[in-house]
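Structure first, commentary second.
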Amino acid sequence: MPAAAVTGSRRRHSLGLAYLGLLPSWLLMSFALLIPILIVAGVSVSTRGAYGGFEWSFDLSGYRQILFNEGWTGEMEFTPQYLIIILRTLILAAVTTLLCMMLALPVAYYIAQQPTHRKALLVYLVTLPFWMSMILRIYAWMIILGRDGPVPRFLEFFGAPSGLSLMYNDGATLAAMVYTYIPLMVLPVFASIEKLDGTLIEAAHDLYGNRWVALRRVILPLTAPGIISGAILVFVPALGAVLEPILMGGGKQMMMGSLIQLQFGVAATGPSGRPSR
Amino acid sequence: MSTRHDVKRYPGLGLISAVFFVYLYAPLVVVVIYSFNANRITGVWTEFSVKWYGSALNNKALMQALETSLTVAAVATVVATTIALLAALVIIRGKHVRFRRLSETVVNLPLLLPEIVLAVATLILFSQIGLQNGLLKLIIAHSAFCTPFAFLPIRARLQGMSLDFEEAASDLYAPRWTVFRRVTLPLIFPGLFSGAMLAFLISMDDFITSNMLASGGSTTLPVYIFSLIRAGTSPELNAIATMLIVASLGLATVALSVAARGTQEDL
(Lines give C-alpha, C1' and ligand atoms only; values in the text may rest on other atoms or scores of the structure.)
Protein backbone atom coordinates (compact mmCIF):
# COMPACT_ATOMS: atom_id res chain seq x y z
CA MET A 1 0.00 0.00 0.00
CA PRO A 2 2.65 2.56 0.92
CA ALA A 3 4.58 1.77 -2.24
CA ALA A 4 1.62 2.65 -4.36
CA ALA A 5 0.90 5.65 -2.23
CA VAL A 6 4.07 7.51 -3.06
CA THR A 7 4.53 6.54 -6.66
CA GLY A 8 4.25 10.26 -7.21
CA SER A 9 7.47 10.92 -5.32
CA ARG A 10 10.67 10.96 -7.31
CA ARG A 11 12.39 8.63 -4.90
CA ARG A 12 10.46 5.52 -5.70
CA HIS A 13 12.18 3.06 -7.93
CA SER A 14 11.03 -0.28 -6.62
CA LEU A 15 8.90 -1.37 -9.53
CA GLY A 16 6.68 -4.35 -9.04
CA LEU A 17 5.59 -3.20 -5.62
CA ALA A 18 3.31 -0.78 -7.40
CA TYR A 19 1.38 -3.70 -8.81
CA LEU A 20 0.38 -4.69 -5.29
CA GLY A 21 -2.00 -1.76 -5.46
CA LEU A 22 -3.70 -3.17 -8.54
CA LEU A 23 -3.80 -6.73 -7.27
CA PRO A 24 -6.93 -6.40 -5.09
CA SER A 25 -8.99 -4.89 -7.89
CA TRP A 26 -7.88 -7.56 -10.35
CA LEU A 27 -8.65 -10.30 -7.83
CA LEU A 28 -12.10 -8.96 -7.00
CA MET A 29 -13.07 -8.28 -10.60
CA SER A 30 -11.78 -11.66 -11.76
CA PHE A 31 -13.74 -13.47 -9.12
CA ALA A 32 -16.92 -11.43 -9.29
CA LEU A 33 -16.99 -10.51 -12.98
CA LEU A 34 -14.44 -11.88 -15.42
CA ILE A 35 -14.64 -15.56 -14.52
CA PRO A 36 -18.46 -15.52 -14.16
CA ILE A 37 -18.85 -13.89 -17.57
CA LEU A 38 -16.57 -16.47 -19.18
CA ILE A 39 -18.65 -19.20 -17.56
CA VAL A 40 -21.83 -17.59 -18.86
CA ALA A 41 -20.41 -17.46 -22.36
CA GLY A 42 -19.45 -21.12 -21.96
CA VAL A 43 -22.83 -22.15 -20.63
CA SER A 44 -24.61 -20.35 -23.45
CA VAL A 45 -23.07 -22.83 -25.89
CA SER A 46 -23.55 -25.88 -23.70
CA THR A 47 -26.33 -28.45 -23.55
CA ARG A 48 -29.11 -28.31 -21.06
CA GLY A 49 -28.73 -31.11 -18.54
CA ALA A 50 -31.43 -33.51 -17.52
CA TYR A 51 -32.09 -32.07 -14.08
CA GLY A 52 -32.14 -28.35 -14.74
CA GLY A 53 -28.36 -27.98 -14.79
CA PHE A 54 -26.20 -28.04 -17.89
CA GLU A 55 -23.60 -30.28 -19.46
CA TRP A 56 -20.30 -29.13 -20.85
CA SER A 57 -20.68 -30.04 -24.49
CA PHE A 58 -20.73 -27.60 -27.38
CA ASP A 59 -24.23 -26.81 -28.53
CA LEU A 60 -25.80 -23.73 -30.05
CA SER A 61 -29.33 -24.73 -29.11
CA GLY A 62 -29.39 -21.98 -26.50
CA TYR A 63 -29.06 -19.43 -29.27
CA ARG A 64 -31.38 -21.36 -31.58
CA GLN A 65 -34.09 -21.30 -28.92
CA ILE A 66 -34.19 -17.55 -29.20
CA LEU A 67 -35.67 -17.83 -32.68
CA PHE A 68 -36.96 -21.37 -33.06
CA ASN A 69 -38.96 -23.87 -31.13
CA GLU A 70 -38.13 -27.52 -31.59
CA GLY A 71 -41.26 -29.60 -32.29
CA TRP A 72 -41.88 -33.19 -31.19
CA THR A 73 -40.47 -34.64 -34.37
CA GLY A 74 -37.42 -32.37 -34.32
CA GLU A 75 -38.66 -29.91 -36.92
CA MET A 76 -37.86 -26.25 -36.31
CA GLU A 77 -40.66 -23.83 -35.92
CA PHE A 78 -40.04 -20.12 -36.05
CA THR A 79 -41.12 -18.53 -32.77
CA PRO A 80 -40.80 -14.78 -32.65
CA GLN A 81 -41.54 -14.31 -28.91
CA TYR A 82 -37.96 -13.55 -27.94
CA LEU A 83 -37.46 -11.38 -30.99
CA ILE A 84 -40.59 -9.42 -30.05
CA ILE A 85 -39.30 -8.99 -26.51
CA ILE A 86 -35.94 -7.75 -27.76
CA LEU A 87 -37.63 -5.37 -30.18
CA ARG A 88 -40.05 -4.12 -27.53
CA THR A 89 -37.19 -3.51 -25.13
CA LEU A 90 -35.27 -1.55 -27.76
CA ILE A 91 -38.34 0.55 -28.61
CA LEU A 92 -39.13 1.26 -24.94
CA ALA A 93 -35.52 2.28 -24.25
CA ALA A 94 -35.44 4.45 -27.39
CA VAL A 95 -38.73 6.21 -26.58
CA THR A 96 -37.55 6.77 -22.99
CA THR A 97 -34.32 8.29 -24.29
CA LEU A 98 -36.19 10.50 -26.76
CA LEU A 99 -38.66 11.78 -24.13
CA CYS A 100 -35.80 12.44 -21.70
CA MET A 101 -34.03 14.39 -24.44
CA MET A 102 -37.07 16.51 -25.30
CA LEU A 103 -37.66 17.34 -21.65
CA ALA A 104 -34.01 17.77 -20.65
CA LEU A 105 -33.07 20.23 -23.37
CA PRO A 106 -35.42 23.11 -22.42
CA VAL A 107 -34.91 22.46 -18.69
CA ALA A 108 -31.11 22.39 -18.97
CA TYR A 109 -31.20 25.51 -21.15
CA TYR A 110 -33.39 27.29 -18.61
CA ILE A 111 -31.13 26.31 -15.69
CA ALA A 112 -28.03 27.46 -17.58
CA GLN A 113 -29.57 30.93 -17.98
CA GLN A 114 -30.09 31.45 -14.26
CA PRO A 115 -27.78 33.46 -11.99
CA THR A 116 -25.01 31.40 -10.32
CA HIS A 117 -26.68 30.74 -6.99
CA ARG A 118 -30.02 29.80 -8.44
CA LYS A 119 -28.23 27.60 -10.95
CA ALA A 120 -26.47 25.65 -8.19
CA LEU A 121 -29.76 25.19 -6.35
CA LEU A 122 -31.60 23.95 -9.44
CA VAL A 123 -28.81 21.50 -10.32
CA TYR A 124 -29.00 20.22 -6.73
CA LEU A 125 -32.76 19.79 -7.12
CA VAL A 126 -32.28 17.82 -10.33
CA THR A 127 -29.73 15.51 -8.68
CA LEU A 128 -31.59 15.00 -5.42
CA PRO A 129 -34.21 12.41 -6.46
CA PHE A 130 -31.41 10.39 -7.98
CA TRP A 131 -30.02 9.78 -4.51
CA MET A 132 -33.26 8.18 -3.48
CA SER A 133 -33.92 4.51 -3.80
CA MET A 134 -35.00 3.52 -7.31
CA ILE A 135 -37.68 1.19 -6.02
CA LEU A 136 -39.17 3.96 -3.88
CA ARG A 137 -39.28 6.36 -6.80
CA ILE A 138 -41.16 3.76 -8.82
CA TYR A 139 -43.41 3.02 -5.86
CA ALA A 140 -44.29 6.71 -5.67
CA TRP A 141 -45.53 6.46 -9.26
CA MET A 142 -47.61 3.41 -8.40
CA ILE A 143 -49.26 5.49 -5.68
CA ILE A 144 -50.08 8.53 -7.78
CA LEU A 145 -51.28 6.58 -10.83
CA GLY A 146 -52.88 3.71 -8.94
CA ARG A 147 -56.45 3.13 -7.84
CA ASP A 148 -57.66 6.07 -5.72
CA GLY A 149 -54.42 7.88 -6.53
CA PRO A 150 -54.37 11.65 -7.04
CA VAL A 151 -53.94 11.55 -10.83
CA PRO A 152 -57.00 9.36 -11.61
CA ARG A 153 -58.99 11.39 -9.08
CA PHE A 154 -57.92 14.60 -10.75
CA LEU A 155 -58.94 13.26 -14.14
CA GLU A 156 -62.28 12.07 -12.75
CA PHE A 157 -62.91 15.58 -11.50
CA PHE A 158 -62.59 16.76 -15.08
CA GLY A 159 -65.06 14.22 -16.34
CA ALA A 160 -63.01 11.10 -16.92
CA PRO A 161 -64.85 7.86 -16.14
CA SER A 162 -64.49 6.76 -12.52
CA GLY A 163 -62.42 3.70 -11.69
CA LEU A 164 -60.06 4.71 -14.45
CA SER A 165 -56.93 2.56 -14.37
CA LEU A 166 -53.72 4.27 -15.33
CA MET A 167 -51.52 1.45 -14.11
CA TYR A 168 -50.21 -1.71 -15.76
CA ASN A 169 -49.71 -0.43 -19.27
CA ASP A 170 -46.86 0.83 -21.44
CA GLY A 171 -47.64 4.46 -20.67
CA ALA A 172 -47.22 3.86 -16.93
CA THR A 173 -43.96 2.01 -17.55
CA LEU A 174 -42.75 4.88 -19.69
CA ALA A 175 -43.69 7.54 -17.11
CA ALA A 176 -41.62 5.77 -14.46
CA MET A 177 -38.74 5.07 -16.87
CA VAL A 178 -38.44 8.74 -17.87
CA TYR A 179 -38.78 9.69 -14.21
CA THR A 180 -35.99 7.44 -12.99
CA TYR A 181 -33.50 8.23 -15.75
CA ILE A 182 -34.10 11.93 -16.52
CA PRO A 183 -31.35 13.30 -14.20
CA LEU A 184 -28.83 11.28 -16.26
CA MET A 185 -29.90 13.30 -19.29
CA VAL A 186 -30.29 16.75 -17.73
CA LEU A 187 -26.83 16.87 -16.19
CA PRO A 188 -24.63 16.22 -19.28
CA VAL A 189 -26.90 18.41 -21.45
CA PHE A 190 -26.68 21.18 -18.87
CA ALA A 191 -22.88 20.86 -18.76
CA SER A 192 -22.59 21.28 -22.51
CA ILE A 193 -25.10 24.15 -22.70
CA GLU A 194 -23.19 25.95 -19.99
CA LYS A 195 -20.01 25.75 -22.03
CA LEU A 196 -21.86 27.15 -25.03
CA ASP A 197 -20.49 30.49 -26.19
CA GLY A 198 -23.42 32.93 -26.07
CA THR A 199 -21.86 35.24 -28.65
CA LEU A 200 -22.39 32.54 -31.28
CA ILE A 201 -26.15 32.74 -30.72
CA GLU A 202 -25.95 36.54 -30.99
CA ALA A 203 -23.93 36.17 -34.17
CA ALA A 204 -26.62 33.91 -35.61
CA HIS A 205 -29.15 36.57 -34.76
CA ASP A 206 -27.04 39.33 -36.30
CA LEU A 207 -26.99 37.29 -39.47
CA TYR A 208 -30.80 37.44 -39.48
CA GLY A 209 -31.35 33.99 -38.08
CA ASN A 210 -34.37 33.81 -35.80
CA ARG A 211 -34.51 31.80 -32.57
CA TRP A 212 -35.43 28.57 -34.28
CA VAL A 213 -32.64 28.88 -36.80
CA ALA A 214 -30.24 29.59 -33.94
CA LEU A 215 -31.56 26.58 -32.07
CA ARG A 216 -31.28 24.27 -35.05
CA ARG A 217 -28.04 25.52 -36.57
CA VAL A 218 -26.08 26.74 -33.53
CA ILE A 219 -27.33 25.44 -30.17
CA LEU A 220 -28.19 21.86 -31.10
CA PRO A 221 -25.00 21.12 -33.06
CA LEU A 222 -22.81 22.61 -30.33
CA THR A 223 -24.54 20.75 -27.50
CA ALA A 224 -24.67 17.48 -29.45
CA PRO A 225 -21.83 15.87 -27.41
CA GLY A 226 -23.75 16.44 -24.19
CA ILE A 227 -26.99 15.21 -25.71
CA ILE A 228 -25.28 12.09 -27.06
CA SER A 229 -23.59 11.22 -23.77
CA GLY A 230 -26.89 11.78 -21.98
CA ALA A 231 -28.60 9.50 -24.48
CA ILE A 232 -26.06 6.74 -23.83
CA LEU A 233 -26.38 7.18 -20.06
CA VAL A 234 -30.16 6.78 -20.33
CA PHE A 235 -30.38 4.18 -23.10
CA VAL A 236 -28.04 1.56 -21.60
CA PRO A 237 -29.71 1.22 -18.18
CA ALA A 238 -33.13 1.54 -19.84
CA LEU A 239 -32.33 -1.58 -21.88
CA GLY A 240 -31.76 -3.55 -18.71
CA ALA A 241 -34.70 -2.11 -16.78
CA VAL A 242 -36.34 -4.71 -14.57
CA LEU A 243 -38.39 -2.92 -11.93
CA GLU A 244 -40.38 -0.53 -14.13
CA PRO A 245 -41.82 -3.19 -16.48
CA ILE A 246 -42.64 -5.51 -13.58
CA LEU A 247 -44.15 -2.96 -11.21
CA MET A 248 -45.62 -0.34 -13.55
CA GLY A 249 -46.38 -2.58 -16.52
CA GLY A 250 -47.68 -5.32 -14.24
CA GLY A 251 -45.25 -7.76 -15.83
CA LYS A 252 -47.64 -8.24 -18.74
CA GLN A 253 -45.29 -6.81 -21.33
CA MET A 254 -42.08 -8.79 -21.01
CA MET A 255 -38.81 -6.90 -21.43
CA MET A 256 -35.32 -8.30 -21.73
CA GLY A 257 -34.40 -7.41 -18.16
CA SER A 258 -37.55 -8.79 -16.60
CA LEU A 259 -37.31 -11.85 -18.85
CA ILE A 260 -33.81 -12.71 -17.62
CA GLN A 261 -34.93 -11.97 -14.08
CA LEU A 262 -37.86 -14.37 -14.43
CA GLN A 263 -35.91 -17.11 -16.21
CA PHE A 264 -33.27 -17.21 -13.52
CA GLY A 265 -35.25 -16.09 -10.54
CA VAL A 266 -38.16 -18.47 -10.95
CA ALA A 267 -37.94 -20.86 -13.86
CA ALA A 268 -34.17 -21.43 -13.93
CA THR A 269 -34.36 -22.59 -17.52
CA GLY A 270 -30.68 -22.64 -18.38
CA PRO A 271 -28.83 -21.89 -21.61
CA SER A 272 -31.35 -19.70 -23.50
CA GLY A 273 -31.32 -17.09 -20.76
CA ARG A 274 -27.81 -16.01 -21.55
CA PRO A 275 -27.37 -15.32 -25.24
CA SER A 276 -30.43 -13.12 -25.30
CA ARG A 277 -28.09 -10.38 -24.26
CA MET B 1 -40.08 40.18 -33.89
CA SER B 2 -37.55 39.24 -31.30
CA THR B 3 -35.57 42.08 -29.87
CA ARG B 4 -31.81 42.16 -29.78
CA HIS B 5 -31.63 41.74 -26.00
CA ASP B 6 -33.34 38.43 -25.54
CA VAL B 7 -32.15 36.40 -28.50
CA LYS B 8 -30.85 33.79 -26.11
CA ARG B 9 -34.20 33.49 -24.36
CA TYR B 10 -36.81 31.10 -25.54
CA PRO B 11 -40.41 31.64 -24.45
CA GLY B 12 -41.98 28.93 -22.33
CA LEU B 13 -38.78 27.48 -20.91
CA GLY B 14 -39.63 28.70 -17.43
CA LEU B 15 -43.02 27.00 -17.65
CA ILE B 16 -41.54 23.72 -18.93
CA SER B 17 -38.97 23.79 -16.13
CA ALA B 18 -41.65 24.45 -13.53
CA VAL B 19 -43.65 21.49 -14.83
CA PHE B 20 -40.46 19.42 -14.79
CA PHE B 21 -39.74 20.12 -11.14
CA VAL B 22 -43.34 19.38 -10.21
CA TYR B 23 -43.02 16.08 -12.11
CA LEU B 24 -39.80 15.37 -10.21
CA TYR B 25 -41.10 16.07 -6.71
CA ALA B 26 -44.88 15.59 -6.72
CA PRO B 27 -44.73 11.76 -6.51
CA LEU B 28 -42.43 11.94 -3.47
CA VAL B 29 -44.58 14.57 -1.77
CA VAL B 30 -47.69 12.44 -2.32
CA VAL B 31 -46.03 9.41 -0.67
CA VAL B 32 -45.01 11.54 2.32
CA ILE B 33 -48.54 12.96 2.70
CA TYR B 34 -50.19 9.54 2.44
CA SER B 35 -47.85 8.12 5.06
CA PHE B 36 -49.72 10.21 7.63
CA ASN B 37 -53.10 8.87 6.58
CA ALA B 38 -54.87 6.87 9.27
CA ASN B 39 -56.93 4.94 6.73
CA ARG B 40 -55.80 1.46 5.78
CA ILE B 41 -56.58 2.23 2.14
CA THR B 42 -53.78 4.46 0.90
CA GLY B 43 -55.80 6.60 -1.49
CA VAL B 44 -58.69 7.38 0.84
CA TRP B 45 -57.83 10.11 3.33
CA THR B 46 -59.49 9.94 6.74
CA GLU B 47 -57.35 11.67 9.34
CA PHE B 48 -53.79 12.52 10.31
CA SER B 49 -51.93 9.77 12.14
CA VAL B 50 -48.39 8.61 12.77
CA LYS B 51 -49.40 5.07 13.71
CA TRP B 52 -47.92 3.55 10.53
CA TYR B 53 -44.49 4.78 11.57
CA GLY B 54 -44.87 2.87 14.80
CA SER B 55 -45.96 -0.29 13.03
CA ALA B 56 -43.08 0.07 10.54
CA LEU B 57 -40.53 0.41 13.32
CA ASN B 58 -41.99 -2.65 15.05
CA ASN B 59 -41.85 -4.72 11.87
CA LYS B 60 -39.24 -7.42 12.55
CA ALA B 61 -38.81 -8.46 8.93
CA LEU B 62 -38.24 -4.84 7.92
CA MET B 63 -35.62 -4.30 10.62
CA GLN B 64 -33.93 -7.56 9.63
CA ALA B 65 -33.80 -6.41 6.00
CA LEU B 66 -32.48 -3.00 7.05
CA GLU B 67 -29.76 -4.68 9.10
CA THR B 68 -28.76 -6.91 6.18
CA SER B 69 -28.67 -3.91 3.83
CA LEU B 70 -26.62 -1.80 6.23
CA THR B 71 -24.15 -4.63 6.88
CA VAL B 72 -23.67 -5.40 3.21
CA ALA B 73 -23.46 -1.71 2.26
CA ALA B 74 -20.97 -0.89 5.04
CA VAL B 75 -18.62 -3.78 4.25
CA ALA B 76 -18.95 -3.31 0.49
CA THR B 77 -18.23 0.42 0.87
CA VAL B 78 -15.04 -0.20 2.85
CA VAL B 79 -13.85 -2.92 0.45
CA ALA B 80 -14.78 -1.01 -2.71
CA THR B 81 -13.31 2.29 -1.52
CA THR B 82 -10.04 0.68 -0.39
CA ILE B 83 -9.66 -1.23 -3.64
CA ALA B 84 -10.58 1.85 -5.67
CA LEU B 85 -8.11 4.02 -3.76
CA LEU B 86 -5.24 1.58 -4.27
CA ALA B 87 -6.07 1.16 -7.94
CA ALA B 88 -6.44 4.91 -8.50
CA LEU B 89 -3.08 5.64 -6.84
CA VAL B 90 -1.29 3.18 -9.12
CA ILE B 91 -3.25 4.05 -12.27
CA ILE B 92 -2.95 7.83 -11.91
CA ARG B 93 0.33 8.22 -10.03
CA GLY B 94 2.29 5.10 -10.92
CA LYS B 95 5.23 5.41 -13.27
CA HIS B 96 5.90 2.86 -15.98
CA VAL B 97 2.79 0.92 -15.05
CA ARG B 98 2.06 -1.71 -17.64
CA PHE B 99 -1.56 -2.63 -18.43
CA ARG B 100 -2.66 0.76 -17.12
CA ARG B 101 -5.55 1.14 -19.55
CA LEU B 102 -6.53 -2.49 -19.15
CA SER B 103 -6.54 -2.20 -15.37
CA GLU B 104 -8.68 0.90 -15.55
CA THR B 105 -11.14 -0.88 -17.82
CA VAL B 106 -11.26 -3.84 -15.44
CA VAL B 107 -12.02 -1.55 -12.49
CA ASN B 108 -14.79 0.15 -14.48
CA LEU B 109 -16.15 -3.07 -15.96
CA PRO B 110 -19.33 -3.12 -13.84
CA LEU B 111 -20.37 0.17 -15.47
CA LEU B 112 -20.00 -1.22 -18.97
CA LEU B 113 -22.28 -4.21 -18.61
CA PRO B 114 -25.98 -4.38 -17.76
CA GLU B 115 -26.36 -5.27 -14.11
CA ILE B 116 -28.74 -8.13 -14.80
CA VAL B 117 -26.05 -9.90 -16.86
CA LEU B 118 -23.50 -9.52 -14.06
CA ALA B 119 -26.02 -10.75 -11.53
CA VAL B 120 -26.78 -13.87 -13.55
CA ALA B 121 -23.07 -14.51 -14.13
CA THR B 122 -22.25 -14.17 -10.43
CA LEU B 123 -25.17 -16.40 -9.49
CA ILE B 124 -23.88 -19.14 -11.77
CA LEU B 125 -20.32 -18.96 -10.44
CA PHE B 126 -21.44 -18.97 -6.83
CA SER B 127 -23.66 -21.98 -7.37
CA GLN B 128 -20.84 -23.76 -9.26
CA ILE B 129 -18.37 -23.37 -6.40
CA GLY B 130 -21.08 -24.05 -3.83
CA LEU B 131 -20.91 -20.74 -2.02
CA GLN B 132 -23.88 -20.88 0.33
CA ASN B 133 -23.52 -17.94 2.73
CA GLY B 134 -26.05 -15.38 1.55
CA LEU B 135 -24.40 -12.43 3.26
CA LEU B 136 -20.97 -13.29 1.85
CA LYS B 137 -22.38 -13.65 -1.67
CA LEU B 138 -24.01 -10.24 -1.41
CA ILE B 139 -20.87 -8.62 -0.03
CA ILE B 140 -18.66 -9.95 -2.85
CA ALA B 141 -21.10 -8.94 -5.58
CA HIS B 142 -21.82 -5.53 -4.07
CA SER B 143 -18.12 -4.77 -3.54
CA ALA B 144 -17.52 -5.47 -7.22
CA PHE B 145 -20.24 -3.26 -8.66
CA CYS B 146 -19.58 -0.45 -6.15
CA THR B 147 -15.86 -0.22 -6.96
CA PRO B 148 -16.17 1.97 -10.10
CA PHE B 149 -18.48 4.37 -8.25
CA ALA B 150 -15.79 4.82 -5.60
CA PHE B 151 -13.03 4.88 -8.20
CA LEU B 152 -14.30 7.70 -10.43
CA PRO B 153 -14.40 10.53 -7.83
CA ILE B 154 -11.03 9.45 -6.36
CA ARG B 155 -9.46 9.39 -9.82
CA ALA B 156 -10.92 12.82 -10.63
CA ARG B 157 -9.51 14.20 -7.40
CA LEU B 158 -6.06 12.70 -7.94
CA GLN B 159 -5.92 13.97 -11.50
CA GLY B 160 -6.84 17.49 -10.46
CA MET B 161 -4.19 17.62 -7.74
CA SER B 162 -0.67 18.88 -8.27
CA LEU B 163 2.32 16.82 -7.17
CA ASP B 164 4.02 19.80 -5.51
CA PHE B 165 2.73 19.15 -1.99
CA GLU B 166 3.86 15.54 -1.94
CA GLU B 167 7.22 16.42 -3.44
CA ALA B 168 7.71 19.19 -0.89
CA ALA B 169 6.96 16.74 1.91
CA SER B 170 9.44 14.22 0.50
CA ASP B 171 12.04 16.94 0.14
CA LEU B 172 11.59 17.63 3.84
CA TYR B 173 12.53 14.00 4.51
CA ALA B 174 9.06 12.74 5.28
CA PRO B 175 8.92 8.96 4.86
CA ARG B 176 6.60 7.69 2.13
CA TRP B 177 3.91 6.51 4.50
CA THR B 178 3.93 9.86 6.31
CA VAL B 179 3.62 11.70 3.00
CA PHE B 180 0.65 9.55 2.13
CA ARG B 181 -1.04 9.88 5.51
CA ARG B 182 -0.36 13.55 6.15
CA VAL B 183 -0.45 15.02 2.64
CA THR B 184 -2.03 12.82 0.00
CA LEU B 185 -4.88 11.41 2.03
CA PRO B 186 -6.20 14.74 3.38
CA LEU B 187 -5.95 16.29 -0.09
CA ILE B 188 -7.94 13.56 -1.80
CA PHE B 189 -10.40 13.27 1.07
CA PRO B 190 -13.35 14.97 -0.68
CA GLY B 191 -13.02 12.55 -3.61
CA LEU B 192 -12.60 9.62 -1.25
CA PHE B 193 -15.63 10.69 0.75
CA SER B 194 -17.95 11.20 -2.18
CA GLY B 195 -16.74 7.93 -3.69
CA ALA B 196 -17.54 6.10 -0.47
CA MET B 197 -20.94 7.81 -0.24
CA LEU B 198 -21.77 6.81 -3.80
CA ALA B 199 -20.69 3.23 -3.18
CA PHE B 200 -22.83 3.09 -0.04
CA LEU B 201 -25.90 4.47 -1.78
CA ILE B 202 -25.49 2.23 -4.82
CA SER B 203 -25.25 -0.79 -2.54
CA MET B 204 -28.22 0.26 -0.41
CA ASP B 205 -30.30 0.85 -3.54
CA ASP B 206 -29.45 -2.32 -5.40
CA PHE B 207 -32.36 -4.54 -6.25
CA ILE B 208 -31.38 -6.65 -9.25
CA THR B 209 -28.26 -8.33 -7.87
CA SER B 210 -29.60 -8.67 -4.35
CA ASN B 211 -32.84 -10.23 -5.55
CA MET B 212 -30.92 -12.67 -7.74
CA LEU B 213 -28.49 -13.74 -5.00
CA ALA B 214 -30.87 -13.51 -2.08
CA SER B 215 -31.22 -16.69 -0.10
CA GLY B 216 -32.80 -17.29 3.29
CA GLY B 217 -31.89 -14.68 5.85
CA SER B 218 -30.17 -12.34 3.42
CA THR B 219 -33.07 -10.26 2.19
CA THR B 220 -32.00 -6.66 1.63
CA LEU B 221 -34.21 -3.63 2.09
CA PRO B 222 -35.09 -3.05 -1.59
CA VAL B 223 -35.88 -6.76 -2.02
CA TYR B 224 -38.10 -6.66 1.05
CA ILE B 225 -39.81 -3.47 -0.16
CA PHE B 226 -40.36 -5.15 -3.53
CA SER B 227 -42.11 -8.06 -1.83
CA LEU B 228 -44.28 -5.59 0.13
CA ILE B 229 -45.22 -3.76 -3.07
CA ARG B 230 -46.11 -7.03 -4.78
CA ALA B 231 -48.36 -7.81 -1.83
CA GLY B 232 -50.20 -4.53 -2.41
CA THR B 233 -49.69 -0.92 -1.35
CA SER B 234 -50.06 -0.32 2.36
CA PRO B 235 -49.80 2.74 4.60
CA GLU B 236 -46.92 1.07 6.46
CA LEU B 237 -45.02 0.98 3.19
CA ASN B 238 -45.63 4.73 2.80
CA ALA B 239 -44.15 5.30 6.25
CA ILE B 240 -41.11 3.18 5.37
CA ALA B 241 -40.72 5.08 2.09
CA THR B 242 -40.97 8.45 3.84
CA MET B 243 -38.32 7.54 6.40
CA LEU B 244 -35.99 6.37 3.62
CA ILE B 245 -36.67 9.49 1.53
CA VAL B 246 -35.75 11.70 4.49
CA ALA B 247 -32.62 9.62 5.23
CA SER B 248 -31.41 9.85 1.62
CA LEU B 249 -32.13 13.58 1.51
CA GLY B 250 -29.86 14.07 4.50
CA LEU B 251 -27.15 11.81 3.13
CA ALA B 252 -27.26 13.44 -0.30
CA THR B 253 -27.05 16.93 1.16
CA VAL B 254 -23.99 16.01 3.24
CA ALA B 255 -22.31 14.27 0.30
CA LEU B 256 -23.00 17.07 -2.16
CA SER B 257 -21.83 19.78 0.22
CA VAL B 258 -18.55 17.97 0.94
CA ALA B 259 -18.03 17.49 -2.79
CA ALA B 260 -18.80 21.17 -3.42
CA ARG B 261 -16.31 22.25 -0.76
CA GLY B 262 -13.76 19.99 -2.40
CA THR B 263 -14.06 21.74 -5.74
CA GLN B 264 -13.90 25.18 -4.17
CA GLU B 265 -10.58 24.52 -2.48
CA ASP B 266 -8.79 24.87 -5.81
CA LEU B 267 -5.67 22.81 -5.78
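The values are calculated or read from the model by the stated rules, or taken from the named source; none is laboratory data. For clarity, every value in this text was computed on a predicted model and none was experimentally measured. Cβ atoms come from the backbone with ideal geometry, glycine included; neighbour counts cover every protein chain shown. Calculation scope for accessible area: heavy atoms of the full protein, side chains included, ligands and nucleic acids excluded. Shrake-Rupley method; radii C 1.70, N 1.55, O 1.52, S 1.80 Å.
Solvent-accessible surface of protein heavy atoms, probed at 1.4 angstrom with all chains present, puts A:Glu202, B:Glu47 in the order B:Glu47, A:Glu202, largest first.
Take the Cβ-Cβ distance between A:Phe157 and A:Leu83 as r, set R0 to 51 Å, and report the resulting FRET efficiency rounded to the nearest 0.05. Given R0 = 51 Å and the Cβ-Cβ separation, E is 0.75.
Largest first, the three principal axis extents of the alpha carbons in segment B:9-78 are 54, 44, 14 Å in whole numbers.
The Cα trace of segment A:140-268 gives Rg and Dmax of 20.7, 65 Å, the first to one decimal, the second as a whole number.
Note that segment A:40-46 has calculated 3J(HN,Hα) couplings of 4, 4, x, 5, 5, 10, 10 Hz, one per residue in order, obtained from phi through the Karplus relation 6.51 cos²θ - 1.76 cosθ + 1.60 (θ = phi - 60°); glycine and proline are x.
When you work out D = kT/(6 pi eta Rh) for segment A:151-190 at 20 °C and 1.002 mPa s, using the Kirkwood radius from C-alpha pairs as Rh and the Stokes-Einstein form, the result is 178 µm²/s. Under the criterion of Cα pairs below 8 Å and six or more residues apart, the relative contact order for segment B:83-181 equals 40 percent.
May I ask you to give the average projected area over all directions of the convex hull of the Cα atoms of chain B, in nm² rounded to one decimal? That works out to 22.4 nm². Within segment B:1-130, the proportion of C-alpha pairs whose separation exceeds 23 Å stands at 70%.
With the convex hull drawn around the C-alpha atoms of segment A:66-219, the volume per residue stands at 219 Å³. Per-residue Karplus couplings for segment B:55-67, computed as 6.51 cos²θ - 1.76 cosθ + 1.60 with θ equal to phi - 60°, are listed in order as 5, 5, 5, 8, 7, 4, 4, 4, 5, 4, 5, 4, 4 Hz, Gly and Pro entered as x. Note on segment B:195-213 and segment A:168-183: Cα centroid distance 21 Å, given to the nearest whole angstrom.
Within 10 Å of each Cβ in peptide A:149-161, how many partner chain Cβ atoms are there on average? Round it to a whole number, please.
1
Annotation: average projected area of segment A:208-267 is 5.8 square nanometres, based on the convex hull of Cα atoms across all directions.
Taking only the C-alpha atoms, wrap a convex hull around the protein assembly as shown and report its volume per residue in Å³ as a whole number. Convex hull of Cα atoms, per residue: 204 Å³. Taken over segment B:91-191, the percentage of Cα pairs per 10 Å bin, counting from 0 up to the bin with the maximum distance, is 13, 31, 28, 19, 9, 1. Run a plain Debye calculation on segment B:130-253 (Cα atoms as equal point scatterers, no solvent) and give log10 I(q)/I(0) at q = 0.17 Å⁻¹, rounded to two decimals, same order as the q list. Debye curve over Cα of segment B:130-253, log10 I(q)/I(0) at q = 0.17 Å⁻¹: -0.95.
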